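The values are calculated or read from the model by the stated rules, or taken from the named source; none is laboratory data. Please read these numbers as outputs of a predicted model, since none were measured by experiment. In this analysis, Cβ positions are derived from the backbone assuming ideal geometry, glycine residues included, and neighbour counts consider all displayed protein chains. Side chains included, ligands, DNA and RNA excluded: accessible areas come from the protein's heavy atoms. Shrake-Rupley method; radii C 1.70, N 1.55, O 1.52, S 1.80 Å.
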Amino acid sequence: MDFNLTDKQKELVGLARDIAQKEIAPRALSIDKSGVMDEELLRILKQSGMTALSVPKEFGGAGLDLLTIAMISEELAKGCAGVATVCAANSLASFPVLIAGSDEQKKSYFDCLNEGGMSCFALTEPGAGSDAGAVSCRAKKVDGGYVLNGTKCFITNAPIADKITLFANTRESGGIRGLTVFSVDRNTKGISMGKEEDKMGIRASATSEIIFDDCFVPASTRLGREGMGFRIAMETLEKSRPVVGAISVGIAQAALENAIHYAHQRKQFGQKIASFEMVQQMIADMVTKTEAARALVYKACWMQMTGDKKASLFSAMSKCFASDTAMEVTTTAVQVMGGNGYSRENPNEKYMRDAKIMQIYEGTNQVQRLVIANAAMY
Ligand SMILES: Cc1cc2nc3c(=O)[nH]c(=O)nc-3n(C[C@H](O)[C@H](O)[C@H](O)COP(=O)(O)OP(=O)(O)OC[C@H]3O[C@@H](n4cnc5c(N)ncnc54)[C@H](O)[C@@H]3O)c2cc1C
């Protein structure tokens, strides 16, 4: 593994860092308070290509590899993990199109992202969370296409999406073998948004239900064959989990830097708290764990890119370890800052709330541990 960045990687990661420092971080607390994404910021993200990170070169994109996407996501997350999630959700929704889409389907989808369109990945339902195979949203085959009926919940970007990557069941009896993926235009008749979540963290990203009510979609919206959905979902999540790991590393890094800065300013007992060994110990553990998480995320990306047979194991380990690290580091960062760490005037309590979702979405960390134990033991 080569840890030196290419000139192109340096340029793009630098651009993301610049946007995070100048445009995202100054707006992060007010977006967090209102729970509404800043329109001007979204425009900047679109114009700079941050919402189209996964578009291949042949479809007019930058053709970034997974490691570069992860590094960019880490930088964006240092500014605000909610904003990084908005951009990452577009990549997540892209992966099924990349895995199973025809050239025509890819063109339609990526043209949309290139023009500043947004997308969402709609798998979860009220009765199908960790158990993705339990999807009951129905895709009933009719002349020329399918009729969709059902409700998706907790879908990131749903309220602002132009394209929906939808998992529905083509079998009346349900089950994994009927799971099928569709790439559907948001403005198709019969699609509406349901309840929008009022969330603990990543409040820059809008999360809501999507309701399909006798919604006809042509057969050309189906990605791959009927029944391929479960495999496509697993392959997609395997690719995207290191990106969740990278966002977690970004959160941990931001909390860590904030805590170090504070430790150098704050005086108690006539000296800077940075000089107390117990504070130094907290910082030492935060730095070490953040760096270890970053290394695991980079290795997981590299294994995905090289098609290593242990890629799935590393993907799960990177998401699980990095998000647990983000939770631990952000909690410790609040501790380093004492009462000020607990105040909403300071970003550290936000980092802590943002870190929590990293342990839940794209497969809870309990589910990651099932994958890890399975791969390690059998
Ligand atoms: C803010 C947010 C954004 C999201 N964005 C998206 C999105 O864009 N698209 C999308 O499709 N989904 C999205 N989700 C859904 C998310 O992926 C699910 O919430 C997650 O997979 C867990 O499912 P669940 O909430 O139904 O929990 P459950 O599956 O009900 O789990 C509850 C608890 O039981 C544990 N558990 C469940 N099964 C097992 C098992 N077999 N062994 C051990 N423990 C187990 C879990 O680890 C957890 O602790 C989002 C969720 C949130 C909160």
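How do Arg294, Arg344 rank by accessible surface area computed with a 1.4 Å probe, from largest to smallest?
Final ranking, largest accessible area leading: Arg344, Arg294.
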Checklist entry - What does the charge add up to near Arg225, with Lys and Arg as +1, Asp and Glu as -1, over the other residues with Cβ less than 14 Å from its Cβ? => result +4
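Counting only helical runs of four or more DSSP H residues, what would the 222 nm mean residue ellipticity of the chain come to if each run contributes -39,500 (n - 2.57) and the total is spread over all its residues? Kindly include the intermediate steps, with their values, before the conclusion.
Details: 12 runs with 201 residues, N = 378.
Computed ellipticity for the chain at 222 nm equals -18000 deg cm²/dmol.
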Checklist entry - Share of segment 230-377's accessible area from carbon and sulfur, percent, 1.4 Å? => result 57 percent
Next on the checklist: Averaging the inverse of every distinct alpha carbon separation and then flipping it gives the Kirkwood radius. What is it for segment 7-114, in angstrom units?
Outcome noted: 14.2 Å
Next on the checklist: Quick check: pseudo-label points 7 Å beyond the Cα along Cα→Cβ at Asn149 and Asp285, how many nm apart are they?
Outcome noted: 5.4 nm
Item to check | Percent breakdown of C-alpha pair distances by 5 Å bin, ordered from the shortest bin, for segment 119-227 | outcome: 2, 14, 25, 26, 18, 9, 4, 1, 0
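First select every other residue whose beta carbon is under 13 angstrom from the beta carbon of Ala311; then total the charges, Lys and Arg +1, Asp and Glu -1.
Values: positive: Lys239, Arg241, Lys299, Lys309, Lys310, Lys319; negative: Glu235, Glu238, Asp308.
That sum, taken over residues with Cβ under 13 Å, equals +3.
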Checklist entry - When the chain is treated as a GNM, springs tying every alpha-carbon pair under 10 Å, which of Gln304, Gln280, Gln359 comes out with the largest mean-square fluctuation? => result Gln280
Checklist entry - Under a GNM of the chain (C-alpha, springs under 10 Å), which listed residue has the highest mean-square fluctuation: Gly190, Gly201, Gly178? => result Gly190
Next on the checklist: At 7 Å along Cα-to-Cβ for each site, give me the label-to-label distance between Ser220 and Lys310 in nm.
Outcome noted: 4.6 nm
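Give, to the nearest whole percent, the P(r) tail of the chain beyond 35 angstrom, counting all Cα pairs.
Numbers: 16678 of 71253 pairs.
Beyond 35 Å sits 23 percent of the P(r) for the chain.
In whole percent, how big is the carbon plus sulfur part of the accessible area of segment 1-105, probe 1.4 Å, protein atoms only?
Numbers: 2260 of 4510 Å².
Percent of accessible area from carbon and sulfur atoms in segment 1-105: 50.
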Checklist entry - Residues with amide H under 5 Å of Tyr146's amide H, sequence separation 5 or more or different chain, H placed in the peptide plane at 1.01 Å from N; which? => result Val217, Ala219
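For segment 120-178, what % of the accessible area comes from carbon and sulfur atoms, probe 1.4 Å? Can you show the working numbers first?
Working: 1160 of 2470 Å².
So the carbon and sulfur contribution to the accessible surface is 47 percent.
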Next on the checklist: Under 10 °C and 1.306 mPa s, how fast does segment 230-378 diffuse according to Stokes-Einstein, given a Kirkwood radius computed over C-alpha pairs? Answer in µm²/s, whole number.
Outcome noted: 99 µm²/s
Checklist outcome for this item: Filtered hits (lysines, Cα-Cα < 20 Å from Lys189, offset >= 8 within chain) -> Lys140, Lys141, Lys152, Lys163
Next on the checklist: Which of Cys301, Cys112, Cys320 ends up with the largest GNM mean-square fluctuation for the chain, with Cα atoms connected below 10 Å?
Outcome noted: Cys112
Item to check | Accessible heavy-atom area order of Ser94, Ser34, highest first, probe of 1.4 Å | outcome: Ser34, Ser94
Checklist entry - Between Glu277 and Asp2, what length comes free when the chain is fully extended (0.36 nm per residue of separation minus the Cα-Cα distance, one decimal in nm)? => result 95.5 nm
Checklist entry - Taking amide hydrogens as modeled 1.01 Å from N in the peptide plane, which residues meet the under 5 Å criterion relative to Gly224, leaving out close sequence neighbours? => result Ser102
Checklist entry - Can you list the aspartates and glutamates whose alpha carbon is less than 13 Å from that of Lys8, not counting same-chain residues fewer than 8 positions off? => result Asp65
Checklist entry - Amide H to amide H, which residues 5 or more places from Phe154 or on other chains are under 5 Å from it, using H placed in the peptide plane? => result Ser208, Glu209
Checklist entry - Put Thr68, Thr170, Thr288 in order of accessible area, largest first, 1.4 Å probe: what do you get? => result Thr288, Thr170, Thr68
Item to check | Accessible area of the chain divided out per residue, in Å², using a probe of 1.4 angstrom | outcome: 45 Å²
